[in-house]
Amino acid sequence: MIEATAGELMHRHIVVGLSGGVACYKTAEFVRELVKAGAGVQVVMTDAACQFVTPLTMQALSGRAVFASQWDVRQPNAMAHIELSRAADAIVVAPASADFIAQLAQGRGGELLALLCLARPAERVPLLVAPAMNREMWAHPATQRNVAQIRADGVTVLGPAAGDQACGEVGDGRMLEPDELRDELVACLQPKHLAGRRVLITAGPTFEAIDPVRGITNRSSGKMGFAIARAAAEAGADVTLVAGPVHLATPRGVARIDVQSAEQMLAAVLPLAPAHDVFVATAAVADWRPAHRAGQKIKKDGSGAVPTLAFVENPDILASVAHLPQAERPWCVGFAAETHDVVRHAREKRIRKGVPLVVANHGPSTFGRDDNALVLVDADGERELPHGSKLALARALVAEIAARLPRPRGGAA
Ligand code: C5P
């Protein structure tokens, strides 16, 4: 799991709406997550939601009095639905019941929460809804019709997930977990620098087998590459991630292909590259592999004799993509993890590999960690992205890539 950045919702004001459903108990945790991430949270509840958790609980967690009635006169102009929706950076309705989704689809405003969703300025206040209901209710044609309608109206539908349900049945309709909802909201609020672009990323180490039980690999954790995959997806790109052996969850919305060796990584990447606009090679690909892979485990024979390993050089995946014919070549970004003279090596590597951008970092001080510092080296010189979390750096790098990217191939002039 790539950790979220502390304070990533700082100065954001989020309206969290609850409609009726057992999943309201998860929304209590979701509100805590938002507050921990620095957001100001205004909770709005329907009458039905108040049957499941109390406004008192939600007030304690959000630090603000809850709104539950459209006749609430606490706003100076007595127009809670207008004031609350104007002040929000986003509105998240979790849980969204089948009935609430039907109200949204029909544009009804019988209760404060539905009313403020209707009254929100849609072009600047995104509305996200997290359905939670029994699987039959979710599958019902009326619900599916309503969900299609609200999507068409610009609402972002989060989930639902499949699994055990409070009613004892198993299927689609579970509300996403609080941390997933937080991540979806954070993603929704990121600038869409790479909308409509396709990004291919390699990440992690490779594993070069010696025999069926042994091999050589390196200390890359894959965290930087996975963070870039997540940041690119948040920025609106279609992302394919080719990953060596790592223990990391796939970022939401990212298509992942798992490989072991450098040769497998190359075989996965090469046919995909021409369909992508950007290729980011973060993988720490083994430079060499054993020349022969023993079919059976190499055994000690008791004599003290040690095996001799011969190596051959692995293909250079980045250079192979960078040397595709121009019409098939994505815009290439290389990484340089060095132990000394980081920038000088990165400059040389950029020329040697024939890529427009190399991202340099100090290998030993970043392997396996959640933080890093980067130097971007391109034809115009160097630019430092100062020390920060890998996710924050990945978001900054995505913005830098987007700023340097040529217009889409075949796109309008
Ligand atoms: O040559 P070196 O390993 O230092 O270059 C690092 C950059 O090249 C990284 O972007 C890495 O992902 C990529 N690379 C590759 N295939 C290799 C070796 C490195 O794609 N065989």
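The values are calculated or read from the model by the stated rules, or taken from the named source; none is laboratory data. Keep in mind that what you see is a predicted model, and the values were worked out from it rather than measured. For neighbour counting, all protein chains shown are included, and Cβ atoms are generated from backbone atoms with ideal geometry for every residue, glycine included. The accessibility values were calculated without ligands, DNA or RNA, using every heavy atom of the protein model including side chains. Shrake-Rupley method; radii C 1.70, N 1.55, O 1.52, S 1.80 Å.
For segment 251-281, give me each residue that is part of a helix (DSSP H, G or I) and out of contact with any helix residue (DSSP H, G or I) (no Cβ under 8 Å at 6 or more places or on another chain). Walk me through it before giving the result.
From segment 251-281, those part of a helix (DSSP H, G or I) are 262-275; that's our starting set.
The answer is 263, 264, 267, 268, 271, 272, 275.
Taking the stated definitions as given, is residue 182 within 30 Å of residue 392 (Cα to Cα) and touching a residue at least 24 places away in the same chain (Cβ under 8 Å)?
Working: within 30 Å of residue 392 (Cα to Cα): yes; touching a residue at least 24 places away in the same chain (Cβ under 8 Å): yes.
Judged against the criteria, residue 182 is a match.
For segment 365-393, what are the residues that are closer than 19 Å to residue 353 by Cα and surrounded by fewer than 16 Cβ atoms within 10 Å (Cβ to Cβ)?
379, 380, 381, 382
Could you list, in sequence order, the residues of segment 217-238 that are within 16 Å of residue 259 (Cβ to Cβ) and among the aliphatic types (A, V, I, L, M)?
229
Considering only segment 118-160, state which residues are surrounded by fewer than 17 Cβ atoms within 10 Å (Cβ to Cβ) and either part of a strand (DSSP E or B) or of a type in the set (Ser, Thr, Tyr) (or both).
Result: 157, single match.
Tally up the residues in segment 344-389 that are out of contact with any strand residue (DSSP E or B) (no Cβ under 7 Å at 6 or more places or on another chain), within 13 Å of the ligand (Cβ to nearest atom) and in a loop (DSSP other than H, G, I, E, B), please.
1
Out of all the residues in segment 358-400, which are among the acidic types (Asp, Glu) and free of Cβ contacts under 8 Å to residues at least 24 places away in the same chain? Give the steps one after another, and end with the answer.
Keep residues of segment 358-400 that are among the acidic types (Asp, Glu), which gives 370-371, 378, 380, 382, 384, 400.
371, 380, 384 - these are the residues of segment 358-400 that are among the acidic types (Asp, Glu) and free of Cβ contacts under 8 Å to residues at least 24 places away in the same chain.
Mind checking which residues of segment 224-236 are out of contact with any Ser or Thr (no Cβ under 7 Å at 6 or more places or on another chain), hydrophobic (A, V, I, L, M, F, W, C) and open to solvent by 10 Å² or more (accessible area, probe 1.4 Å)?
Going through segment 224-236, the residues out of contact with any Ser or Thr (no Cβ under 7 Å at 6 or more places or on another chain) turn out to be 226-227, 229-236.
Filter once more, so that each one left must be hydrophobic (A, V, I, L, M, F, W, C): 226-227, 229, 231-233, 235.
Within segment 224-236, just 233 meets the criteria.
Please determine whether any residue of segment 325-343 is open to solvent by 30 Å² or more (accessible area, probe 1.4 Å), within 11 Å of the ligand (Cβ to nearest atom) and not in a strand (DSSP E or B).
no
Quick one: count up the residues across segment 298-324 that are among the small types (Gly, Ala, Ser) and either more than 16 Å from the ligand (Cβ to nearest atom) or open to solvent by 70 Å² or more (accessible area, probe 1.4 Å) (or both). Let's see the steps before the verdict.
First, the residues of segment 298-324 that are among the small types (Gly, Ala, Ser): 302-305, 310, 319-320, 322.
Subset that is either more than 16 Å from the ligand (Cβ to nearest atom) or open to solvent by 70 Å² or more (accessible area, probe 1.4 Å) (or both): 302-305, 310.
Number satisfying all stated conditions: 5.
Answer with yes or no whether residue 410 is within 22 Å of the chain's Cα centre (by Cα), on the phi > 0 side of the Ramachandran plot and either at pLDDT 95 or above or not hydroxyl-bearing (Ser, Thr, Tyr) (or both). Can you show your working first?
Details: within 22 Å of the chain's Cα centre (by Cα): no; on the phi > 0 side of the Ramachandran plot: yes; either at pLDDT 95 or above or not hydroxyl-bearing (Ser, Thr, Tyr) (or both): yes.
Spelling it out, it is not the case that residue 410 is within 22 Å of the chain's Cα centre (by Cα), on the phi > 0 side of the Ramachandran plot and either at pLDDT 95 or above or not hydroxyl-bearing (Ser, Thr, Tyr) (or both).
Restrict the check to segment 38-50 and report whether at least one residue is in a loop (DSSP other than H, G, I, E, B), over 30 Å from residue 191 (Cβ atoms) and touching a residue at least 24 places away in the same chain (Cβ under 8 Å).
At the first step, the residues of segment 38-50 found to be in a loop (DSSP other than H, G, I, E, B) are 38-39, 46.
Okay, now just the ones that are also over 30 Å from residue 191 (Cβ atoms), so 46.
If we keep only those that are touching a residue at least 24 places away in the same chain (Cβ under 8 Å) too, we end up with 46.
Yes, some residue in segment 38-50 is in a loop (DSSP other than H, G, I, E, B), over 30 Å from residue 191 (Cβ atoms) and touching a residue at least 24 places away in the same chain (Cβ under 8 Å).
Any residue that is at pLDDT below 95 and among the β-branched types (Val, Ile, Thr) - is there at least one of those in segment 161-175?
Checking segment 161-175: at least one residue is at pLDDT below 95 and among the β-branched types (Val, Ile, Thr).
I'm told residue 206 meets every condition in (1) under 27 Å from residue 325 (Cβ atoms); (2) within 16 Å of the ligand (Cβ to nearest atom); (3) in contact with a strand residue (DSSP E or B) (Cβ under 7 Å, 6 or more places away or on another chain) except one. Can you identify the failing condition by its number?
All conditions are met except number (3).
For segment 161-214, name all the residues that are outside the structural domain of residue 316 (by TED's automatic domain parsing), of a type in the set (Asp, Glu) and outside any helix (DSSP H, G or I).
Correct list: 164, 169, 172, 177.
Within segment 1-19, which residues are outside any strand (DSSP E or B) and either surrounded by 22 or more Cβ atoms within 10 Å (Cβ to Cβ) or at pLDDT below 95 (or both)?
Within segment 1-19, the subset outside any strand (DSSP E or B) is 1-12, 19.
Scanning segment 1-19 gives 1, 2, 3, 4, 5, 6, 7, 8, 9, 10, 11, 19.
Let's see how each residue does on (1) within 15 Å of the ligand (Cβ to nearest atom); (2) under 27 Å from residue 404 (Cβ atoms); (3) modelled with pLDDT under 95:
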| site | (1), (2), (3) |
| --- | --- |
| 215 | no, no, no |
| 235 | no, yes, no |
| 272 | yes, yes, no |
| 278 | yes, yes, no |
| 283 | yes, yes, no |
